[in-house]
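Student: I'd like to ask some things about the structure below.
Read-outs throughout are calculated quantities, based only on the coordinates presented, and are distinct from any laboratory measurement. Just so we're clear, the structure is a prediction, and the values are computed from it rather than from any experiment. Cβ placement follows ideal geometry from the backbone for every residue including glycine, while neighbour counts extend to all protein chains displayed.
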Amino acid sequence: MKIAVLVKEVPDTYGDRKLNLETGLADRGASEAVLDEIGERALEVALTQKDSDGDTEVTVISMAPDTATATIRKGLAMGADNAVHVADEGLAGADLGLTAEVLAAALRRGEFDLVVTGNVSTDGNGGMMPAMLAEHLDYPHVTGLTTVELTDGKVSGTRAVEGGKQQVSAELPAVISITEALPEARFPNFKGIMAAKKKPFEVISLSDLDIDAEDQSVARSIMVTVAEKPPREAGEKVVDEGNGGVELAEYLTKNRLA
Ligand SMILES: Cc1cc2nc3c(=O)[nH]c(=O)nc-3n(C[C@H](O)[C@H](O)[C@H](O)COP(=O)(O)OP(=O)(O)OC[C@H]3O[C@@H](n4cnc5c(N)ncnc54)[C@H](O)[C@@H]3O)c2cc1C
């Protein structure tokens, strides 16, 4: 079985996030770049399958700036067999639509049985990538899994819904997205880090995928303006002097919160 895991480099989740007000992009120099934790958990799903079936081949794929090599290599150190890095200056500021087009083209080259993604990244927070990829690839999409099982050409699992759980499944090939309910990823050990240096690491560009990022006939989002989030204002304090409940209810009604 061939499994592709989509991993994204993000600014350190626990560090300061900054917006470059000139470009409107995340200021990637403002904090350490790391492999998104949800991507690591997605990789753990694939590696667990590889642990139980030695014929499984795991490929990590990322579209990221050319400085992301070390971050992607961490996936190899954790146990993936090979990596594909889509790096191209034309991708700076790529929106979800272009990213999905690029990642789908990269996935088509590998003919994977299963594509594993996180449900939402910690920086972009779009949460749309898995659905867009499934649409591009014309694969079924099993969303927000909290457990994953692979059996006889099928992927199945559990998804949390309001007030309960759903058991869902799809025929392979399929795209699945997983949530933080799945186990944390393993740490790369010394042997893994050394082995990663010799594993296949392919760097490809837009021309390898036959994609024109400037193509005017394709809808792309256009950034009209960029502004920093205004500082939080102090909240209104309701002091209970006997009629606190009434004042609170009035506040909620006035602000259309009730
Ligand atoms: C040069 C360059 C600069 C970039 N700068 C930024 C930036 O400043 N801010 C920013 O948010 N993004 C940036 N990106 C990445 C890209 O534009 C976003 O990944 C994309 O818009 C996805 O948005 P999202 O994170 O909201 O997706 P979501 O839908 O929230 O992601 C869900 C899942 O999809 C997969 N996924 C998402 N993006 C990628 C990816 N790039 N590669 C592999 N798997 C992925 C992961 O498994 C992730 O868990 C840059 C990319 C390049 C090449």
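Student: Count the net charge of all other residues whose Cβ sits under 14 Å from the Cβ of A80, scoring Lys and Arg as +1 and Asp and Glu as -1.
Tutor: Numbers: positive: K2, R41, K50, R73, K74, R186, K197, K198, K199; negative: E40, E44, D51, E57, D81, E202.
The answer is +3.
Student: Here is a follow-up. Let me make sure I get this right: for region 2-209, a, b and c are the square roots of the gyration tensor eigenvalues over alpha carbons, sorted descending. Under 1.5 in a/c it's rounded, otherwise prolate if a/b > b/c, else oblate. Which is it?
Tutor: Because its axes are fairly even, with a/c under 1.5, region 2-209 counts as rounded.
Student: Still on this structure, I have one more. Per DSSP H run of n ≥ 4, the term is -39500 (n - 2.57); total these for the chain, divide by its residue number, and report the mean residue ellipticity at 222 nm rounded to 500 deg cm²/dmol. Present the calculation step by step, with values, prior to reporting the outcome.
Tutor: Details: 6 runs with 68 residues, N = 258.
Roughly -8000 deg cm²/dmol at 222 nm, from the helical runs in the chain.
Student: Here is a follow-up. At R0 = 45 Å, how high is the FRET efficiency between F201 and E162 if r is their beta carbon distance? Nearest 0.05 is fine. Don't jump to the answer; show the numbers that get you there.
Tutor: On the way: r = 42 Å, r/R0 = 0.94.
Efficiency, from the Cβ-Cβ distance: 0.60.
Student: Between region 29-105 and region 166-226, how far is it from one alpha carbon centroid to the other, in angstrom?
Tutor: Result: 5 Å between the Cα centres.
Student: Just how many pairs of Lys in the chain have C-alpha atoms closer than 22 Å, counting pairs that are eight or more places apart or on different chains?
Tutor: 26
Student: Let me ask something additional. Net charge within 11 Å of A68 by Cβ-Cβ distance, Lys/Arg positive one each and Asp/Glu negative one each, not counting A68 itself?
Tutor: Working: positive: K8, R28, R73, K74; negative: E9, D66.
Here the charged neighbours net out to +2.
Student: With a sphere of radius 15 Å drawn around the Cβ of D113, what net charge do the other residues whose Cβ falls strictly inside it have (Lys, Arg +1; Asp, Glu -1)? Could you put the intermediate results ahead of the total?
Tutor: Values: positive: K2, K50, R108, R109, K154; negative: D53, D55, E57, D81, E111, D138, E149, D152, E171.
Summing Lys/Arg as +1 and Asp/Glu as -1 gives -4.
Student: With a cut-off of 8 Å between alpha carbons and a minimum separation of six or more residues, what is the relative contact order of region 1-97 in percent?
Tutor: Numbers: 146 pairs, mean separation 29.6, N = 97.
Dividing the mean separation by the residue count of region 1-97 yields 31 percent.
Student: How much length is gained if the chain between I222 and K2 is pulled fully straight, taking 0.36 nm per residue apart and subtracting their Cα-Cα distance, in nm to one decimal? Kindly include the intermediate steps, with their values, before the conclusion.
Tutor: Values: separation 220, 0.36 × 220 = 79.20 nm, distance 3.62 nm.
Stretched fully, the I222-K2 segment lengthens by 75.6 nm.
Student: Please turn the phi angles of region 12-18 into ³J(HN,Hα) values with the Karplus equation 6.51 cos²θ - 1.76 cosθ + 1.60 (θ = phi - 60°), one per residue in order, whole Hz, x for glycine and proline.
Tutor: These are the phi-based 3J(HN,Hα) values: 3, 4, 9, x, 6, 9, 10 Hz.
Student: Where nothing but the Cβ of Lys and Arg (+1) and of Asp and Glu (-1) is charged, how large is the charge dipole of region 148-258 around its Cα centre, in debye to the nearest 20? Don't jump to the answer; show the numbers that get you there.
Tutor: Numbers: 14 positive and 19 negative charges, 124 e Å.
That gives a dipole near 600 debye.
Student: What percent does the relative contact order of the chain come to when contacts are Cα pairs within less than 8 Å and at least six residues apart? Intermediate values should be presented prior to the final figure.
Tutor: Numbers: 452 pairs, mean separation 56.6, N = 258.
With pairs under 8 Å counted, the relative contact order is 22 percent.
Student: Choose one of T117, V161, L150: the residue whose Cα lies farthest towards the positive end of the charge dipole of the chain (beta-carbon charges +1 Lys, Arg; -1 Asp, Glu; about the Cα centre).
Tutor: L150
Student: Also, I was wondering about something else. Nothing charged except the Cβ atoms of Lys and Arg (+1) and of Asp and Glu (-1): what's the magnitude of the dipole of region 2-209 about its Cα centre? Round to the nearest 20 debye.
Tutor: Numbers: 19 positive and 33 negative charges, 100 e Å.
Taking the Cα centre of region 2-209 as origin, the dipole is about 480 debye.
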